[in-house]
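Student: I'd like to ask some things about the structure below.
The values are calculated or read from the model by the stated rules, or taken from the named source; none is laboratory data. In this text the structure is predicted, and so the values were computed from the model without any measurement. All Cβ positions, even for glycine, are placed from backbone atoms using ideal geometry, and neighbour counts span all protein chains on display. The accessibility values were calculated without ligands, DNA or RNA, using every heavy atom of the protein model including side chains. Shrake-Rupley method; radii C 1.70, N 1.55, O 1.52, S 1.80 Å.
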Amino acid sequence: MIDRSARADAPAPGTALKNQATGSFINPVNNSQETRTSSSVMVTTDSDGCTIGSGTSDPSIIPYISGEVRRNVIATRDLVDILDDDWRTAVGQPTDPALENWFGTASVPQGSVNNFSYHDPVIDNIVNVSVELVQIPIGETACAGEPTIAGSSPTLSSSSSLQGSAPRPTSLYESNDQPRFWNETHAGALSDLKRNTVLLSFDQPVSSFGFWVGDLETRTDGNGTPAILRLLDASNNRIGNDIEIAPNSLYDSNEPDPELVVQSLCGGTANNEPGCGNQSTRWIGFVDNGEIERIQKVMLIVGDDDSTAGNNNADSEHLSFIGANVVRPPEVLVVKRITAINGNRTVNLNDNTPLNTEVNDNIANSADDNRNWPTDYLIGEINAGLVKPGDEIEYTIYFINTGGREAMDVRLCDWIQPNQNFVTGLYGASAPNLYDGKDIALDIGGSTYQLTATNDVTDRAELTTVGSLSTNPTCNLSDDTALNDNVLVLDVTGTIGEPTGLTTLPGISGQDLPSNAFGFFRFTTQVVE
């Protein structure tokens with residue numbers, strides 16, 4: 001058997017590999033070159049077995065893994081409470097939010113060791129999560145692990161520290177009524193060549209997640225075993241690569257603080273050498289910057305800080321965690337369709353192409369696949385058929401914030417290509433296409449706004465040139481544009497002009513809710529005669 005390392009461009013499971021043979025030859029009758037293409041053949045990639053530590057890198061996945069904090073005292077609990085700040089900043093949250101613990105407190109419990117519901121107090125969104133202890137055989141395995149053996153059962157604890165005296169965050173510490181945390185301490189069978197793993201399954205895809213983890217041993221210098229963060233979709237396909245959790249810095253409220261972890265000293269007994277996760281707390285999280293939410297399962301596979309051969313493969317290690325947050329950062333998706341030819345929104349009379357149906361671009365996981373678009377909303381055509389000089393084409397740009405946080409400075413732009421002219425005066429208060437003097441129709445929050453293409457304070461739309469655009473917010477235009485080309489700019493959010501009251505674009509909390517988290521605008525161009 002030849003052992004080949006995984007390439008960065010290796011296809012994900014379920015990828016269809018299509019291929020055609022091509023070539024050319026000289027026809028001796030007329031000495032011309034002719035080209036040929038074969039029929040297409042395909043195969044579909046299967047799972048690689050999810051070998052621990054493998055997978056295909058995904059640049060959209062950004063891990064947020066903090067340094068370690070040790071010693072359960074006030075000063076170190078305060079340090080634990082800021083380990084998640086970088087992650088919260090990345091998802092648009094305040095760094096000191098009011099936290100709702102997943103499992104309640106000792107006196108007022110909620111949830112169970114197998115299930116909890118996280119309520120986001122900012123957007124009033126509830127995410128239901130199941131929690132399961134599974135095991136990962138040290139050889140190849142199913143991506144989501146396998147059920148644990150009897151005796152290896154998690155519990156909900158309310159002691160003053162997490163497992164192994166790992167300190168809690170201050171925000172989830174209360175001496176009179178400690179919040180409960182998930183704790184897996186029972187050994188089950190030792191030396192069974194399987195690693196304990198916590199598997200969290202969400203009832204809806206999420207694009208970011210994080211929690212505080214206690215006593216997560218890990219070692220990446222080859223003498224112990226690294227802990228692993230693994231992300232899966234609803235069908236247990238691994239997303240991205242397994243993310244190793246490496247020892248880095250340690251805070252313990254003693255000088256020097258912080259200090260770099262020296263892995264060769266981890267797992268020893270002299271002076272109870274700290275680091276490599278032993279008796280410490282870390283923040284483990286990620287942000288997925290892909291266009292649509294896809295992660296529905298999160299796994300944390302334990303490691304081992306022991307350097308003793310035969311006792312360092314993590315087949316008897318454990319972990320604990322305390323709740324933090326499930327967040328979907330702002331994510332504005334944009335879909336463009338052609339919705340009318342010469343004022344007809346039903347059909348293009350040039351060739352009878354329908355214009356009043358909902359179509360999909362058939363590109364996997366693209367913007368029009370998001371489940372939060374209202375039903376039958378993305379009306380129009382991608383290829384609207386034939387037009388001739390002088391014909392008028394109406395474009396509709398649909399937009400939606402599918403994230404869990406509000407989006408700011410939302411600017412949408414459309415380049416008017418040189419072979420088309422912007423048409424004014426086609427939209428008005430009474431109905432579209434009645435030449436009432438307005439140039440753009442914007443529909444959002446149950447209201448329709450008639451906007452002008454002039455630069456004025458009545459609304460936030462403007463027809464300008466590429467060379468006159470401000471750089472912030474960016475229009476993100478193609479490099480094919482010239483400085484004197486026209487571009488239509490609509491600042492969906494703002495404080496001046498219509499649409500009034502929309503200073504930010506809120507995140508969607510469910511299909512159609514809230515109604516100002518999605519909308520569309522329309523304008524018309526004419527093919528140059």
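Student: Can you sort ASP512, ASP96, ASP485 by solvent-accessible area, 1.4 Å probe, largest first? Each step should come with its number before you reach the end.
Tutor: Details: ASP512 70, ASP96 125, ASP485 20 Å².
Descending accessible area places them as ASP96, ASP512, ASP485.
Student: A follow-up question, please. Heads up, I need the accessible area for PHE202: 1.4 angstrom probe, whole protein in place, Å², nearest 10.
Tutor: 10 Å²
Student: Over the range 239-361, with every protein chain in place, what whole percent of the accessible area is carbon and sulfur at 1.4 Å, could you tell me?
Tutor: Carbon and sulfur atoms account for 45 percent of the accessible area of the range 239-361.
Student: Could you report the accessible area of SER153 in Å², rounded to 10, computed with a 1.4 Å probe on the protein chains as they sit in the structure?
Tutor: Accessible area of SER153: about 60 Å².
Student: Let me ask something else. For the peptides 477-484, 368-375, what is the packing order when you average, over each peptide's residues, the other Cβ atoms within 10 Å and list the highest mean first?
Tutor: Values: 477-484: 10.5, 368-375: 16.4.
Final packing ranking: 368-375, 477-484.
Student: Here's something else I'd like to know. Using a 1.4 Å probe, what is the accessible area per residue for the range 320-419, in Å²?
Tutor: Numbers: 4210 Å² over 100 residues.
With the other protein chains kept in place, the range 320-419 gives 42 Å² per residue.
Student: Compute the label zone of ASP86 within the range 276-290: residues whose backbone N is under 20 Å from the point 7 Å along Cα-to-Cβ.
Tutor: 276-278, 280-290
Student: Another question, if that's okay. Where in the range 74-101 does the amide nitrogen come within less than 16 Å of the point 7 Å from the Cα of ASN254, taken along Cα to Cβ?
Tutor: 74-77
Student: Ok, one more. Mind ranking TYR251, TYR377 by accessible surface for me, highest first, 1.4 Å probe? Before the final figure, lay out each step's value.
Tutor: Working: TYR251 65, TYR377 35 Å².
Ranked list, largest accessible area first: TYR251, TYR377.
Student: Leaving ligands, DNA and RNA out of it, work out the accessible area of LEU200 with a 1.4 Å probe and give it in Å² to the nearest 10.
Tutor: My reading of the accessible area for LEU200 is about 0 Å².
Student: Further question: Leaving out ligands, DNA and RNA, what percent of the accessible area of the range 403-507 is carbon and sulfur, probe 1.4 Å?
Tutor: Here carbon and sulfur together make up 46 percent of the probe-accessible area.
Student: OK, next. For the range 74-88, take each phi angle, set θ = phi - 60°, evaluate the Karplus expression 6.51 cos²θ - 1.76 cosθ + 1.60, and give the result in whole Hz per residue in order, putting x for glycine and proline.
Tutor: Once θ is set to phi - 60°, the couplings for the range 74-88 become 4, 4, 7, 4, 4, 5, 4, 5, 9, 5, 9, 4, 4, 5, 5 Hz.
Student: Give me the extension gain from ASP376 to LEU349: residue separation times 0.36 nm, minus the current Cα-Cα distance, reported in nm with one decimal. Write down the numbers at each step before the final one.
Tutor: On the way: separation 27, 0.36 × 27 = 9.72 nm, distance 2.29 nm.
Taking 0.36 nm per residue and subtracting the Cα distance, the gain is 7.4 nm.
Student: Ok, one more. Modelled label-to-label distance, VAL108 and ASN421, 7 Å Cα→beta-carbon offset: nm?
Tutor: Those two pseudo-labels are separated by 6.8 nm.
Student: Quick one: which residues, 5+ away or cross-chain, put their amide H under 5 Å from the amide H of ILE295? H built at 1.01 Å from N.
Tutor: Residues meeting the criterion, in which the H sits 1.01 Å from N, are VAL206.
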